[in-house]
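Report on one structure; see the data block that follows.
Derivation of every value follows stated rules applied to the coordinates shown; laboratory data play no part. The structure displayed is predicted, hence computed values, not measured ones. Neighbour counts are summed over all protein chains in view; Cβ atoms, including those assigned to glycine, are modelled from backbone coordinates with ideal geometry.
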Amino acid sequence: MTPLTREQCLELDRLDPLAARREAFRLPADLIYLDGNSLGALTVGAERSVARAVGVQWGIDLIRSWNVHGWIDLPATLGERVGRLIGAAPGETLVCDSTSVDLFKLAAAASLGRGARRKIVTEAGNFPTDLYILQGLAKLSPQIEVHAVPRDRIHDAIDADTFLVVLTHVHYRTAEMYDLAAMSARAHAMGARILWDLSHSVGAVPVDLRATEADFAIGCTYKYLNGGPGAPAFLYVRRELQESLQPVLSGWLGDARPFEFLDDYAPAPGVDRHRCGTPPVLAFAALDGALETFDGVDMAAVRHKSVQLSELFIALVEALPGADALTLASPRDPQRRGSHVSFAHAQGYPLMQRLISRGVIGDFRAPDLLRFGFTPLYLRFVDVWDAVRIFGEEMVAMPTGPSDDAPRLKVT
């Protein structure tokens with residue numbers, strides 16, 4: 001892509017069909033926010049929804065709100081709204097717990113039906129919590145073996161001894177994307193199930209779990225869905241597998257008769273059996289309001305703008321004086337890249353701190369990656385142009401030589 005002028009970027013913003021969506025966000029005027037892939041911006045809807053949940057539902061209606069305002073059904077009702085963004089059929093998605101907990105719940109449940117198979121196949125360098133959770137599961141069941149292999153060996157590592165494949169659709173460091181359909185087909189061809197982590201996909205990349213015949217999925221809602229820090233996660237179970245998948249974390253709200261308060265657990269029908277404890281209503285309220293920003297949004301349009309923004313960013317950065325100090329760490333082909341872009345730089349951490357001090361908010365991943373997220377619902381083309389101008393100024397101003405600085409904060 002040929003770098004554009006600032007005036008051309010302003011014209012693209014004028015013609016942008018998603019431009020009006022920016023008004024739904026509380027964005028500081030003095031910042032260019034390129035970290036929505038770690039924590040999405042506050043939405044007007046989330047702010048309003050939390051205020052209503054606190055002031056009216058909790059403050060006035062009190063315990064009656066479990067029924068009057070549907071608090072008890074929030075995992076399912078929010079699950080339906082998230083499900084529409086990932087190609088799920090009704091009754092296949094549930095909002096609950098955290099990504100780590102949901103991964104454990106589904107992987108452990110899948111392990112109960114593994115028969116003589118022993119292997120879980122995942123990617124070396126996957127997001128740490130995914131690896132740690134699987135390692136913990138293997139400690140609980142010594143018959144399970146976790147095989148973390150390089151990306152180019154995943155296909156061949158899935159064999160007749162594999163019962164589960166766990167992969168992240170968009171890699172958290174590089175944004176490289178898997179082919180959902182092809183990898184799901186490979187798992188099924190070898191008699192295995194597949195579980196996708198959609199944390200860096202949902203809300204930014206069109207996903208169709210039914211069409212790709214994925215078995216299970218998990219993901220967070222605080223990145224592109226803007227659900228707020230620590231927002232509840234979601235899980236997906238393909239309908240055909242729901243009745244045979246027995247929960248390991250069998251909480252009281254996953255019981256078929258939770259309000260009969262019986263001693264012995266009986267799993268609820270469908271995906272509801274994967275509920276555990278009482279839903280955190282205020283966190284759910286924030287997500288409820290945040291999801292309003294996706295009402296009526298065409299995910300194909302979101303993806304189109306995401307590619308435009310990231311292509312513009314790469315072209316502008318690589319045209320900077322001194323760009324030879326940078327190495328593109330993300331796939332150059334936008335069809336293989338999610339909605340963030342990473343560049344490697346020998347002094348990546350102090351350089352990112354300089355950018356943040358100038359109001360350009362990206363993030364850093366050790367040992368040397370500068371990571372920039374492109375959130376189409378609120379990011380403008382002119383924001384990208386202005387951010388790269390500051391990027392260039394700070395690269396020129398950087399002191400030479402290695403840095404002893406170390407990152408003090410690592411977020412997902």
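For the range 291-324, GluC sites (Glu not before Pro) meeting the loop criterion (DSSP other than H, G, I, E, B) and having at most 11 other Cβ atoms within 10 Å: none. Pairs of Cα atoms nearer than 8 Å and 6+ residues apart set the relative contact order; for the range 209-334 it is 21 percent. Which residues in the range 268-293 place their backbone N less than 18 Å from a point set 7 Å from the Cα of Arg239 along the Cα-to-Cβ direction? Label zone hits: 269-274. Length gained on full extension, Asp30 to Leu328, computed as 0.36 nm times the residue gap minus the Cα-Cα distance: 104.5 nm.
Principal-axis analysis of the Cα atoms of the chain puts helix 348-357 at an angle of about 80° to the longest axis. Between Asp152 and Leu15, full extension at 0.36 nm per residue minus the direct alpha carbon distance yields a gain of 45.3 nm. Computed from Cα atoms, the angle from the helix 180-189 axis to the main principal axis of the chain rounds to 40 degrees. A protection proxy built from the mean count of other Cβ atoms within 10 Å ranks the segments 6-14, 97-105, most packed first, as 97-105, 6-14. For the chain, lysine pairs separated by 8 or more sequence positions, or belonging to different chains, with Cα-Cα distances below 23 Å total 6.
Its relative contact order, with pairs defined as Cα atoms under 8 Å and 6+ residues apart, puts the chain at 23 percent. A protection proxy built from the mean count of other Cβ atoms within 10 Å ranks the segments 137-145, 267-275, 177-185, most packed first, as 267-275, 177-185, 137-145. Placing dummy labels 7 Å off each Cα toward the beta-carbon, the span from Asp295 to Ile356 is 3.5 nm.
Which of rounded, prolate or oblate describes the range 208-257 when judged by the alpha-carbon gyration tensor and an a/c cut-off of 1.5? The shape class here is oblate. I need the calculated FRET efficiency for the pair Ser141 and Gln335, taking r as the beta carbon distance and R₀ as 45 Å, to the nearest 0.05. Plugging the Cβ-Cβ distance into 1/(1 + (r/R0)^6) gives 0.70. So, in Å, what gap is there between the alpha-carbon centers of the range 333-394 and the range 223-264? Each part reduced to its Cα centre gives a spacing of 36 Å. For the chain, the longest principal axis of the C-alpha atoms and the axis of helix 299-318 are separated by about 40°.
Would you work out if the chain is rounded, prolate or oblate? Take a ≥ b ≥ c from the square roots of the eigenvalues of the alpha-carbon gyration tensor; rounded if a/c is under 1.5, else prolate when a/b is larger than b/c, oblate otherwise. Oblate is the answer for the chain, as a/c is 1.5 or above yet b/c matches or exceeds a/b.
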